[in-house]
Amino acid sequence: MDTPADDEGAPAPAAHGEERRRGPELEGEPRLRRAEDELRARFAEELQEGEETQDRVAISREAIVELDRVSLAFDRPILENVSLIARRGETIVIAGESGTGKSTILKLILRLLRPDSGRVIVDGEVLNDVTYEEALVIRQKMGMVFQGAALFDSMSVFENVAFPLREHTELTDDEIETRVREKLEFVDLDPDRVMEQLPAELSGGMKKRVGIARGMAVNPAIMLYDEPTSGLDPLTTGTITRLIMKLQRELKVTSVVVSHDIRSAFRMATKIALLADRHIVFFGSPEDMTASQDRYVQDFLGGV
Amino acid sequence: MAGFLASINEGAKRRVLAVQEYFGLAAKAIRFIVARPFYIGDVVQQMDAIGVESLGIVLLTGFFTGMVLALQTSVQMAQFGATMYIGRLVTASMVRELGPVLAAILVAGRVGSGIAAQIGSMRVTEQIDALNTLGVDPIKKLVTPRLIAALVMMPVLTILSDTVGIGGGNVIATAYVGIPVGLYWRTVWEQIASGGFILHYIPSDFVQGLVKPFVFGGIIAITGCFFGINTKGGTEGVGNATTRTVVVASVLILVVDYFLTQVLLFLFG
Ligand SMILES: Nc1ncnc2c1ncn2[C@@H]1O[C@H](COP(=O)(O)OP(=O)(O)OP(=O)(O)O)[C@@H](O)[C@H]1O
Ligand SMILES: [Mg+2]
């Protein structure tokens, strides 16, 4: 799957980051370079840790999450003809103004909502056709981190992270504890300190991290994040961003991240989808985005 | 005019859909009672919340209801010189009607609203979505344990309420009217026996008195869960859900009580 021949022409695999960085220079297109330099200057701090960004795991061409001409209306149309592909190992960031339907897209992927038309495909399964019970099973391939973390407030941190394990695995109590500790350590929390705490006793950033630990407890192939960094200070935002990248790098998960934090989007995204006025107005790499001539895209970036 | 009719039509359609959804929820919750996995911890916790926490108010109101029943009947009976039948009247009213209905309405206020508030706040903080996302049916995890707990605890609370109520009647009958304790309880037993027995041993009054709280318990749990799950619009929505639960559950209890009574009278006389 990941042979160079296979990947020819696709904006993808191992060397992808390198290529992406050099591409414009080789072509010697001054406008592009200016845009890149500008971006570099603006995000100098992030690019220092650039290894992380460039060091991407191999991305296969196999689509694992796909929206195919999806339309959805509540009392008014929210999404029209929205198409989106995340290939295995990619990190897709969905950006856009408030109320444009970003969370709705995640809910469609989770089949918490069904589209009026178009198809949603996750790991080869067309979600339109599956029953509620089948959807419960398919959802186990996905870990979702909610905007407000959505931890079960009547359960301790330990019980929250252990919950999906108790539900869906045959692990013994000891194995569950080991796994919970491992996940909490992965998100940089001290298991001994937080395990017995209740969600109400945690700070916003800690809640988000417990949310991530719970989402990844059963080692899903896909992680979905709804505004993982909103409402957090810049430092914690950096920590969470790095965490999402670590998950992608070390565990090779595919991520779909909803965020209007363009800084962290540029840091972690393989591709950015910009949602505006019911449509995807841009879908491409961060570099393509800075290079875009589109007024709206430029305005959106200008608002950084 | 057309717009007005259309909006009435819309409203009616929404009602019908809501009723359909209500019964759908009830049916699913009932089906899950016998399906694995069983959330026994949740059931026990809910029994504690429903039973133990409502015990105080149910006993208190039961006691005073028994006393006021005795007081009222003693005045009426005195006109016919039949005050020795106070026990029979208090028992008949408590066991068949007032015990179940009063306890249920109190529990609807105390527990039904609590269920709606808890599940409603889980809805608005996306915890219900989180359950779904983690591959767990919220009805199974949240509704069924509350339903089981209510189905079990409501009859228990009602028996206690009945007993305390009849005891309250005893206090008044003895203190005000001067009926000896022994006589009072003999008339209580006469009343219970007069309804006949099912399977030789179980007084049919008891059966009637326990079918009702069982049904009421179901109404309370399902109504609370229904409005909780359908909560919309943040914390304000949670407030609405609790209010509606109390109103709808209380009305349903009183309406269903009438029809149940008809059915039970038809069956047991
Ligand atoms: N269940 C629903 N019923 C009716 N309208 C809804 C529902 N869910 C979302 N909407 C509407 O759909 C639109 C998109 O909602 P969504 O939550 O997807 O936006 P968003 O892009 O995630 O916004 P934000 O950045 O504020 O989270 C909003 O206008 C919202 O009011
Ligand atoms: Mg949102």
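The values are calculated or read from the model by the stated rules, or taken from the named source; none is laboratory data. Everything numeric in this text was worked out from a predicted model, so none of it was measured. Glycine also receives a Cβ, built like all others from the backbone with ideal geometry; neighbour counts cover every protein chain displayed. Side chains are part of the model used for accessible areas, which takes the heavy atoms of the whole protein and leaves out ligands, DNA and RNA. Shrake-Rupley method; radii C 1.70, N 1.55, O 1.52, S 1.80 Å.
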Review point. Within the group A:I244, A:I280, A:I240, which residue is more than 14 Å from every other protein chain (Cβ to nearest Cβ), within 15 Å of ligand 1 (Cβ to nearest atom) and either crowded, with 24+ Cβ neighbours inside 10 Å or at negative phi (or both)?
Key: A:I280
Check your understanding: If you check A:V180, A:V187, which single one turns out to be away from ligand 2 (no atom under 16 Å from the Cβ) and in contact with a Lys or Arg (Cβ under 9 Å, 6 or more places away or on another chain)?
Key -> A:V187
Point to revise | Top-ranked residue in the stretch A:209-237 [being away from chain B (no Cβ under 13 Å) and within 16 Å of ligand 2 (Cβ to nearest atom); ranked as nearest to B:V136 (Cα to Cα)] | key: A:P228
Revision key, fill the gap. With criteria (1) in contact (Cβ under 8 Å) with a residue 24 or more places away in the chain; (2) part of a helix (DSSP H, G or I); (3) under 23 Å from the mean Cα position of the chain (by Cα), A:A200 comes up short on (3)
Check your understanding: Based on what the data block shows, is A:G99 open to solvent by 40 Å² or more (accessible area, probe 1.4 Å), at positive phi, within 12 Å of ligand 2 (Cβ to nearest atom) and more than 12 Å from every other protein chain (Cβ to nearest Cβ)?
Key -> yes
Point to revise | Restricting the stretch B:108-152 to residues that are outside any helix (DSSP H, G or I) and under 21 Å from B:T242 (Cβ atoms), the residue that is nearest to the other protein chains (Cβ to nearest Cβ) | key: B:E126
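Which members of the stretch A:104-153 meet the condition of being within 16 Å of ligand 2 (Cβ to nearest atom) and assigned to a loop (DSSP other than H, G, I, E, B)?
Listed by number, the residues that qualify are A:L110, A:L112, A:L113, A:F146, A:Q147, A:G148, A:A149, A:A150.
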Point to revise | Members of the stretch A:153-178 found to be touching a Leu at 6+ places or on another chain (Cβ under 6 Å) and either without any contact (Cβ under 8 Å) to a residue 40 or more places away in the chain or within 8 Å of chain B (Cβ to nearest Cβ) (or both), listed by number | key: A:P164, A:L171, A:I176
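I'm trying to understand the selection: among the residues of the stretch A:138-183, which are among the β-branched types (V, I, T) and modelled with pLDDT of 90 or more?
Of everything in the stretch A:138-183, those that are among the β-branched types (V, I, T) and modelled with pLDDT of 90 or more turn out to be A:I138, A:V145, A:V157, A:V161, A:T172, A:I176, A:T178, A:V180.
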Exercise for review: Of all residues in the stretch A:143-152, count the ones that are open to solvent by less than 10 Å² (accessible area, probe 1.4 Å) and within 7 Å of another protein chain (Cβ to nearest Cβ).
Suggested key: 3
Practice item. Give me a count of the residues in the stretch A:251-267 that are away from ligand 1 (no atom under 16 Å from the Cβ) and either more than 17 Å from A:R209 (Cα to Cα) or within 14 Å of chain B (Cβ to nearest Cβ) (or both). Key: 5
